[in-house]
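The values are calculated or read from the model by the stated rules, or taken from the named source; none is laboratory data. None of the values given here were measured: they were computed from a predicted structure. Every residue, glycine among them, receives a Cβ derived from its backbone with ideal geometry; neighbour counts consider all protein chains shown.
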Amino acid sequence: MSASNGVVLVSEVGPRDGLQSIARTMSTQNKCHWIRDLHAAGLREIEVGSFVPASLLPQMADVKEVVQHALSLPGLQVAVLVPNLRGALAAFEAGVHKITLPVSVTEAHSLANVRKTREQVIDELRAIVAVKRERFPTVMVEAGLSVAFGCTLAGRVEEAETLRMSELAAATGVDEVGLSDTSGYAQPRQVYRLFRALQSMLGDRCGGAHFHNTRGQGLANVVAALDAGVTTFDASQGGLGGCPYAPGASGNIVTEDLVFLLESMGYDTGIDLLRMADARASLQAGLVGEPLYGMVPEAGLPKDFRYARECGAL
């Protein structure tokens, strides 16, 4: 996809990536209030949970109820993460609009994260696509390439290996292949090269970017991905999130900071930063005392700030 029209999609992953990364469990009511306020602020894609066994992630035990609430919000694309075919079937039947299956670029991360080899995960992905085509053709299926830029468990990840795994994932028939900096290893030149190569290989099936701010390069990597033509970015309100199988990988880029960056550069996100404060209050009310991060929420908006839609997008 091209960003030539100046419109960028911010996909909020806090209700999934953020909440499953902390020990505490937010109540279903608080989750629904938070998602409602995110939608009211202008978020049009929210990853609301994971279809995983409650015994493994009790934070996601109420995912079906949360999905049903999210589906009632007009114009919202309801996304979830699934680890396998079983989870995908449950997500399809719940009525979601988009599912993402994580595909690790390294074998070490794959075995730790989903207890399957990379080959087994590709087989799961192929089976999921077959079900989608036969019974749920309107649901988008994305392969999210985990540890695409580097892996805490395996170390350096060659760009050629990321592209090889991307090609294998794409060959299953998924709608999109996105790249995730699960371990916070990415740097801007690497990001630009990989996304340009992925676009050359996959065209319109080149998906979005998922960056962590572990080493402070999250927003710099966003700018590099924008230059490469990426138009969808994951972010988490309050910077919550991480991966239990990527030791030391702290949270995602902060949604408010990402929106401010994009709008300041002339990209229209459709998100109201003042209303994001209401969503942040809902998040804090549901997780009293949990540390939340973000420069923009702390500093506020500059006096001369204008949204891209007010001055004409790129």
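Tell me which of these A40 doesn't satisfy, since it passes every other one: (1) farther than 19 Å from D278 by Cβ; (2) surrounded by fewer than 23 Cβ atoms within 10 Å (Cβ to Cβ).
(1)
For region 71-96, give me each residue that is in a loop (DSSP other than H, G, I, E, B) and surrounded by fewer than 17 Cβ atoms within 10 Å (Cβ to Cβ).
Passing the criteria: S72, P74, G75, G95.
State all residues of region 155-172 that are under 16 Å from E142 (Cβ atoms) and in a loop (DSSP other than H, G, I, E, B); if no residue qualifies, say none.
Selection gives T172 alone.
Does R205 satisfy the condition of being basic (K, R), crowded, with 16+ Cβ neighbours inside 10 Å, in contact with a Ser or Thr (Cβ under 6 Å, 6 or more places away or on another chain) and touching a residue at least 24 places away in the same chain (Cβ under 8 Å)?
no
Can you say whether V66 is in a helix (DSSP H, G or I), in contact (Cβ under 8 Å) with a residue 40 or more places away in the chain and in contact with a Lys or Arg (Cβ under 8 Å, 6 or more places away or on another chain), as far as the supplied structure shows?
Taking the combined requirement at face value, the residue satisfies it.
Give the residue that is farthest from Q284 (Cα to Cα), with candidates limited to residues of region 200-239 that are hydroxyl-bearing (S, T, Y) and modelled with pLDDT of 95 or more.
The extreme case among them is S200.
Could you tell me whether A197 is over 19 Å from I122 (Cβ atoms) and either among the small types (G, A, S) or at pLDDT 95 or above (or both)?
Criteria met by A197.
Return the total of residues in region 208-228 being crowded, with 23+ Cβ neighbours inside 10 Å and outside any helix (DSSP H, G or I).
Looking only at that region, the number is 6.
For region 279-313, which positions are surrounded by fewer than 17 Cβ atoms within 10 Å (Cβ to Cβ) and charged (D, E, K, R)?
E290, E298, K303, D304, R306, R309, E310
Do we find a residue being farther than 25 Å from E161 by Cβ, part of a helix (DSSP H, G or I) and modelled with pLDDT of 95 or more anywhere in region 99-112?
No, region 99-112 has no match at all.
Within the group A94, A61, A90, A41, which residue is modelled with pLDDT of 95 or more, aliphatic (A, V, I, L, M) and under 19 Å from the mean Cα position of the chain (by Cα)?
None of the other options fit; the residue is A41.
Could you tell me whether T138 is hydroxyl-bearing (S, T, Y), surrounded by fewer than 24 Cβ atoms within 10 Å (Cβ to Cβ) and in a helix (DSSP H, G or I)?
Answer is no for this residue.
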